Structures are given as C-alpha cells and as structure tokens.
Amino acid sequence: MTMSFAHLVADMQLPPRSHPNQRVRNDVSLQINADRCLRLRSRYNDCDRCAQVCPAHVLHVSNERIELGEGCLRCGQCSAACPTEALQTEGFAVSPPPAASSRTPLYVDCWKVPASDSPHDAIRVPCLGGIALHHLVQLHAAAEDRQLVLLDRGWCGQCSAGCVSHHPAQETLDAARALLAELGVAEQALPRMESLPLPRVQMPTEIPEPLAAQPLSRREFFAGFTRNAARAIAPMATVKPNEDAQSRRAHVAKIETTARSQLVAQAAALGARHGRPLPAELFPALRIADACCNHQVCAATCPTRALHAYRSEDGAAAGIAFDAAACIACGDCTRACPERALTLVPQGDGEVPRGATALTRWTLRECHDCGHEFADSGSSSVCPTCRKTRELARTSFSQLFGAARNPHGERMPMETSAGTD
C-alpha cells in the first residue's frame, strides 16, 4: 500500500516527552547548541525527541539540562530527530563526490563497513539511521542525475544502533521518496535501499572513530587529528556555568534555520526543476479562536518567529501574523496562550501559504484615561489597564459605601466599563 508524504511524516513525528551545567561528554562526537534546544529555550516546551530515539538510552533531557551518559554510540539518530539541529554528530556533514556517469548510483554506506569494502566514491556516514530527512533530500538534489542508493549490509538487526524489525533509515527513506514523488521525481530516480550483505563476523562491535572510518591522505589525517584534539580540550557546553535556565530564556534569539526550513527550501528548488508546486502538507496550519485577547504571549514564545506581532503600514491596526514556512510545529504558542485560543495542525491540507498572513487585526486607538496607545477589537476607548483600574475603584467603593440605591430604596446595578467609556 502506498502512503502519502503527509502520513509518513506524521508517523515519524514523535510526541514531545538542572541547566547550570550541560552534561555532554567531550569524548564523543556529539555537540549541542543550547540556544537552539527547544526544551532549554522555553518553559512551555517538553520536547525530548532526541532522548526517545537514542538506541542506547543514554541521552536525558529536562527543562534545566541535557545529560549524555556513558555508552553513546555516535550513531547520530538524536541529531536526525532534532527539529532545530541543536544536536550535531560528527560525520554527517558530507557532500556528494564530483559528478560521474549518470548510470552509476551514488551509494551511502555505514562506517562499520571497512572503506575497502565500500563502493568507489561512496558517501560514508557513522550510521544510516542518523541521516535526517532534509539531509537525504539534499543529497538527492546534489547528486543530480545519479540515483542515491542506501546500502543494507544485513548487520542492523545485530547492531546496537540498529533495529531488529526494520532498517533504521527505512522510515526516513520512505518519507523522502514520497515527498520527491510529489515533486515530480521519476520512480526510477528516487532514492532506494539495496541489500548487499556482508558476513556478520566482519561487523565491528562499535562505530569506529572518525579517523578510522575514512580513507585519509597524510594531510587529511593530521587535519582530523588536530580537529579532534581541539574538540577534546574545548568545553562542549555553550552555556555559562553560572547562567541559570530562566536568565538564558530571557536572552535567546530567533532560530534562523531549522530542519523544516531547509527541507522547504530544497523542496521548492526541486519542485521548480520539475514544474511541480510544493505539497501543502509541508506547511503547518494555525487557527485562532475569538477568545484571543491580543496578549501576544504566543508571538513572544515562538522560537522561529513564525508567529509574530505586526503593525499595519498606516498605523491604524496591529495584530498577530503567521508564516507557515518558518513554523516547526513545536506547539509552544498553543501552550503559552492564556485563553487557549490557538490550535495547531502539524500538517496543513489547504493551499500552499504565500508568506506571512495576518491571523488577527486589532484597531489601534488612544486610551481616554491614560493617553497611551492600545489595540482593541473596537468595543472600548479605554485600555485594558485602565479598565481594570476602573473596575477596582468601583469594587472598592461598593465595599466601603455599599451599593447605590434609587429614591425608592431599590438597589441600582453597577455600571459596566463599556457604559463609562
């Protein structure tokens, strides 16, 4: 049965699951940029995708820190699952070799396989399960006329980084094939998996170190040695030891590029090449209810500023705008909204969005009481702060002097804020 790209991506998405010190060991090829980690950036986020996919179960994430225990396999599966590329595993930043005959496939092989047993000019990575979707699509695009072929050596069922039921790269490969097919790539040109077994007795117990995994020249060897030595003595944490999570969250900047934004850019280029539009399911949808009170907390918490405050050119209106191309469907905005007025749909099903669109429009006016500008739906000429002040004054007056009565001794209703504007 053929599955759509939207269903494949939905199946791949995992549910979301003390940071003075970032406990990431420096004896492995894993680095973290804490400013890009959703969990460490926002108290509204509970993402732990990296920890969920770790086959060794040694990666632990909390609201305050990320910890990497003993036993990291360097497989890169945590990096592939991270939506903001906060985690980086050495060995996956690879580019296709120079163009060759279009009849020659471009193979992708595992570091456990000796370089001498890999096909000529094959791309070698620590583990095929660590290839992210946008990286796979990028490799396909860069390979041009060469078909991308992922090699199954028959070792994954016994590998500590593998999976008994299926190849660790199979879900990513299925999603890439579905997306590329929607973008107009011919069936015979789609990336595929090829079984090319090797004797199991040849399989190393662990993924080799970077220097041992690649055939290197003398110059490349010493360059790699210097790079690894620098990594060993450099602090892995990008967080100051005396900086707590709350102060960090107050200074984090917008995340400019994400795995999703790179995927959208690559898909747009491929779609243009084949004359196909972008699939609508690439873009999340955000719906807003009438309960919105224009607090703009949602915009303040959005890590990519896909949701942001805007002001009209004539200065008469303001509100919240949404750019689906920048959205990573993290859900921070929906959890931060005091009125729960936002609903996120991770995969949209309508038209492909064209830039940012306004979700709300509030009239800008001057408060009659304090003179400050405020945004309102049009029902009041007094800002929310002054309305609260008026209500507090009325409540205090009532408690001190009792409710007002008319000449007949009947209790008179309290005036509403709208009636006193």
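Laboratory data are not the source of any read-out in this text; all were calculated from the coordinates shown. On a predicted model such as this, the values are computed, not experimentally measured, just so you know. Note: ideal-geometry Cβ built from the backbone for every residue, glycine included; neighbour counts use all protein chains shown.
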What distance in nm separates the two pseudo spin-label positions at Ser160 and Glu351, each 7 Å out from Cα along the beta-carbon direction? 5.4
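Taking R0 as 25 Å, what's the FRET efficiency between Asp145 and Ala93 from their Cβ-Cβ distance, rounded to 0.05?
0.60
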Compute the Cα gyration tensor for region 259-360, then decide on rounded, prolate or oblate, letting a ≥ b ≥ c be the square roots of its eigenvalues: rounded whenever a/c is under 1.5, prolate when a/b is larger than b/c in the other cases, and oblate in all that remain. prolate
Mind giving me the FRET efficiency for Glu391 and Glu70? R0 is 51 Å, r the Cβ-Cβ distance, nearest 0.05 is fine. 0.30
Report the label-to-label distance for Arg340 and Glu187 in nanometres (one decimal), using points 7 Å from each Cα along the Cα→Cβ vector. 4.8
Per-peptide average of other Cβ atoms within 10 Å, ordering 288-297, 150-159, 35-44 highest first: 35-44, 150-159, 288-297
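Can you give the net charge of the other residues whose Cβ lies under 10 Å from the Cβ of Ala375, counting K and R as +1 and D and E as -1?
Result for the neighbourhood of Ala375: +1.
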